[in-house]
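Undergrad: Structure in structure tokens, see below.
The values are calculated or read from the model by the stated rules, or taken from the named source; none is laboratory data. Remember, predicted model here, so these are calculated numbers, not experimental data. Here the Cβ positions follow ideal geometry from the backbone for every residue, glycine too, while neighbour counts run over all protein chains shown.
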Amino acid sequence: AGFPDCCLVRGDRIVFAELKTERGVVSDDQAIWLDALDCVSDDVEVCVWRPKDWVSGAIETVLR
């Protein structure tokens, strides 16, 4: 329970992303996973993405 919605890998890069609505709340289980993954390595990126992040270009920046 709580594992991020997306696990994206390209080469030596890995991104874990939790997808939320603008008002969606990260659950306790999700927070535990996100914190644990964020501590793994500087090479691991952990994100919580909302629709505004698509509009602002933040998601596209991470995916490039």
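Undergrad: For segment 16-61, give me the residue count where each residue is farther than 21 Å from ALA1 by Cβ and touching a helix residue (DSSP H, G or I) at 6+ places or on another chain (Cβ under 9 Å).
TA: Final tally of qualifying residues: 8.
Undergrad: Modelled with pLDDT of 95 or more and farther than 22 Å from ASP12 by Cβ: does that describe ALA31?
TA: In short, yes.
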